[in-house]
């Protein structure tokens, strides 16, 4: 009874707060470790609530609410603000977190320089973390904050998941190297002058050089390291990895990067959350249609050498209107006509004047068999678009070949003249007269 | 350019803090090569960039030496961070190499192209020279960054890519090679042989002209129905060849066959009667 009431209340509140929402749901579980105070992240959490998310808080060791029960995720999104927690309740394990991601639930992971179960999970996502106890520090630019609090400009984004025109962001945490897994991509790179070190005085210089020479991977330094990275799973769930929890904190959000210029932390945190929760850069296929040129019905099978038109409608999620809207902005969509290997791969351009529609006409190969129309669009930062439609291709029937050939003219002429000659003979024989009979008769009578 | 504007607030922040400034004393680089007779040694200017990049061959060695001192009193200093940064602007690849500095500030770095360090970024034959800069960071002094020179090194092995990486970009288009169209002999040849097939008609018409057969009973009411129905049968077969399907042919043909049979019986009976004596 109570659960139904609360469901009705939440539905009502959802209807009232119909602002930017995610395409996969609004319930967010925030696992907040006891050493962090919820009030210190009020800017971030209030921003999420204003967008329409429902936040539920728990500590890592709490048994309820469980993030996953009987293989069904309980929430649409999970924020793990537990960078230094070493022990969790039974429902949060590396396996359960990976299961969540495979069931289209999004997770925001936060790391620290301490070694925890979450930092042991990071290499599964192709992240290479620095040795424990080495936070990211930078002596550049000269400033009055400690070297571990670093302003990072947002202008170096190659994949525009977050805007590149924000004010610099205050950051404190670790950086990590990215493996070459294409599902992983950097959202915010570390500044080129930054590096991971545990020393606090100039005399630690030797230790820095020794660390670089000792470990086979060199020094965690420079802009090839990232501080925020995104991972798009094949099933649709997104994981965002952030090297420090203070990026989301109120202190950094309200801190100024220059006189009168506020940091970009608040907006960056909201944009990161909107990517991680599948609000932005979310695509889906609405419908697929294929038919012969000049034909409107969908056929069960095609004949070799047919001209076929393939059309697909693709939508992008618009967080402001909370709806999927047709999207014609994909310029490099490709269609493959595949039987074991692609026989035809052609560009699928958007149709001008028809939003969301992509169409191409091509000729079916002259091999018969069972083919598939495959659209497989994967780009870093975007959800993956997969669609596969099976269609048999048969060779032409006996009466689908060319009917009359110029090489057969002599045979046509021969056959027709035989018919004509027979008819002429029949006419002559039936209608004609036998003169020899007359002559004979004439001869006889005389 | 916009990056510069965006980082202007950070530079303003920098000016607010007063700390001692670091600089380099007598920075030089030396290139030893197995082919050259004597090593090339040049000082590095901190103020202006050299016009041409430093070129290293596959077996050359670059030795860089300098001393980190405080600008005001020339005292040697060991900064916390002394990094050499190799940066490829075209691809964004970067390599950071820490340099060991003595407590008196003296530093030596050797880059042997025969055994290159792992921190060197990958280069391709078409990439521009690497920009080499020195980063000095210290807890007790202001940080300093010096652009040293541009370095041209031999191309490296290409970066190993994940096997799935290609499917995250545009793939090459594939076009199916179709079997060539069925080749037919040229039409004039077919027309010539069609005409050749018609030549027996010429012979037939010639022979008929010599016989000069007469057809007095052509329009007789006993003969004409049969001949026209026979003609219609031939026309039906021609129509079947062009257009009809078997079911329709059998239907029309069935009707026609009954009529033709009756007409034919009558016609043949008539010719028989003529032959036996009525004419």
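Points worth noting:
- Flag if residue B:189 is closer than 30 Å to residue A:341 by Cα and within 13 Å of chain A (Cβ to nearest Cβ): no
- Of the residues A:155, A:162, the single one that is touching a helix residue (DSSP H, G or I) at 6+ places or on another chain (Cβ under 8 Å), assigned to a loop (DSSP other than H, G, I, E, B) and crowded, with 20+ Cβ neighbours inside 10 Å is A:162.
- Enumerated strands (runs of 3 or more DSSP E) restricted to region A:181-284, each holding at least 3 residues that are at pLDDT below 90 and surrounded by fewer than 19 Cβ atoms within 10 Å (Cβ to Cβ): none
- Under the condition of being under 19 Å from the mean Cα position of the chain (by Cα) and at the interface with chain A (Cβ under 7 Å from one of its Cβ atoms), the residues counted in region B:162-174 number 8.
- When the residues of region B:80-105 are filtered to those that are more than 12 Å from residue A:206 (Cα to Cα) and surrounded by fewer than 17 Cβ atoms within 10 Å (Cβ to Cβ), the one that is nearest to the other protein chains (Cβ to nearest Cβ) is B:92.
- Here residue A:86 does not qualify as out of contact with any strand residue (DSSP E or B) (no Cβ under 8 Å at 6 or more places or on another chain) and closer than 27 Å to residue A:232 by Cβ.
- Residue B:203 satisfies every condition listed in (1) under 30 Å from residue A:418 (Cα atoms); (2) within 8 Å of another protein chain (Cβ to nearest Cβ) except (2).
- If you go through region B:211-232 and keep only what is closer than 20 Å to residue B:259 by Cβ, more than 9 Å from chain A (Cβ to nearest Cβ) and part of a helix (DSSP H, G or I), you end up with B:225, B:228, B:229, B:232.
- Checked against the criterion of being under 30 Å from residue A:163 (Cβ atoms), out of contact with any strand residue (DSSP E or B) (no Cβ under 9 Å at 6 or more places or on another chain) and modelled with pLDDT under 95, the candidates A:320, A:325 yield just one match: A:320.
- Residues in region B:3-52 that are within 11 Å of another protein chain (Cβ to nearest Cβ) and at pLDDT 80 or above: B:21, B:22.
- The numbered conditions (1) in contact (Cβ under 8 Å) with a residue 60 or more places away in the chain; (2) in contact with a strand residue (DSSP E or B) (Cβ under 9 Å, 6 or more places away or on another chain); (3) more than 22 Å from residue A:314 (Cβ to Cβ) are all true for residue A:270 except (2).
- Residue identified as modelled with pLDDT of 90 or more, within 14 Å of another protein chain (Cβ to nearest Cβ) and buried (at least 16 other Cβ atoms within 10 Å of the Cβ) among A:149, A:110: A:149
- Filter result (within 9 Å of chain B (Cβ to nearest Cβ) and either closer than 30 Å to residue A:285 by Cα or under 28 Å from the mean Cα position of the chain (by Cα) (or both)) within region A:191-250: A:223, A:224
- Residues located in region A:286-338, provided they are assigned to a loop (DSSP other than H, G, I, E, B) and either within 15 Å of residue A:392 (Cα to Cα) or outside the structural domain of residue A:357 (by TED's automatic domain parsing) (or both): A:298, A:299, A:300, A:301, A:304, A:305, A:306
- Picking from residues in region A:48-69 that are out of contact with any helix residue (DSSP H, G or I) (no Cβ under 8 Å at 6 or more places or on another chain) and not in a loop (DSSP other than H, G, I, E, B), the one that is farthest from residue A:85 (Cα to Cα) is A:50.
- Residues of region A:70-105 that turn out to be within 19 Å of the chain's Cα centre (by Cα) and either surrounded by fewer than 16 Cβ atoms within 10 Å (Cβ to Cβ) or in a helix (DSSP H, G or I) (or both), as a count: 6
- For region A:153-186, the candidate set comprises residues that are within 20 Å of residue B:95 (Cα to Cα) and more than 10 Å from every other protein chain (Cβ to nearest Cβ); within that set, the residue that is farthest from the chain's Cα centre (by Cα) is A:174.
- Selection of first residues in region A:250-261 that are without any contact (Cβ under 8 Å) to a residue 40 or more places away in the chain and of second residues that are surrounded by 19 or more Cβ atoms within 10 Å (Cβ to Cβ) and assigned to a loop (DSSP other than H, G, I, E, B), restricted to Cβ pairs under 7 Å at least 6 apart or on distinct chains, gives the following pairs, ordered by first then second residue: A:256/A:263.
- So residue B:133, is it under 30 Å from residue B:51 (Cα atoms), touching a helix residue (DSSP H, G or I) at 6+ places or on another chain (Cβ under 8 Å) and facing chain A (nearest Cβ under 10 Å): no
- Residue within region B:157-178 that is in a strand (DSSP E or B), in contact with a strand residue (DSSP E or B) (Cβ under 7 Å, 6 or more places away or on another chain) and modelled with pLDDT of 90 or more present: yes
- Scanning region A:124-146 for residues that are surrounded by 22 or more Cβ atoms within 10 Å (Cβ to Cβ), assigned to a loop (DSSP other than H, G, I, E, B) and within 12 Å of chain B (Cβ to nearest Cβ) gives A:138, A:139, A:140, A:141.
- Answer residue from region A:326-348, given it is away from chain B (no Cβ under 11 Å), surrounded by fewer than 16 Cβ atoms within 10 Å (Cβ to Cβ) and under 18 Å from residue A:377 (Cα atoms) and is farthest from the chain's Cα centre (by Cα) among those: A:326
- Meets criteria (modelled with pLDDT of 80 or more, closer than 23 Å to residue A:224 by Cβ, in the same structural domain as residue B:130 (by TED's automatic domain parsing) and in contact with a helix residue (DSSP H, G or I) (Cβ under 8 Å, 6 or more places away or on another chain)) for residue B:100: yes
The values are calculated or read from the model by the stated rules, or taken from the named source; none is laboratory data. These numbers were taken from a predicted model, which means no experiment stands behind them. Cβ atoms come from the backbone with ideal geometry, glycine included; neighbour counts cover every protein chain shown.
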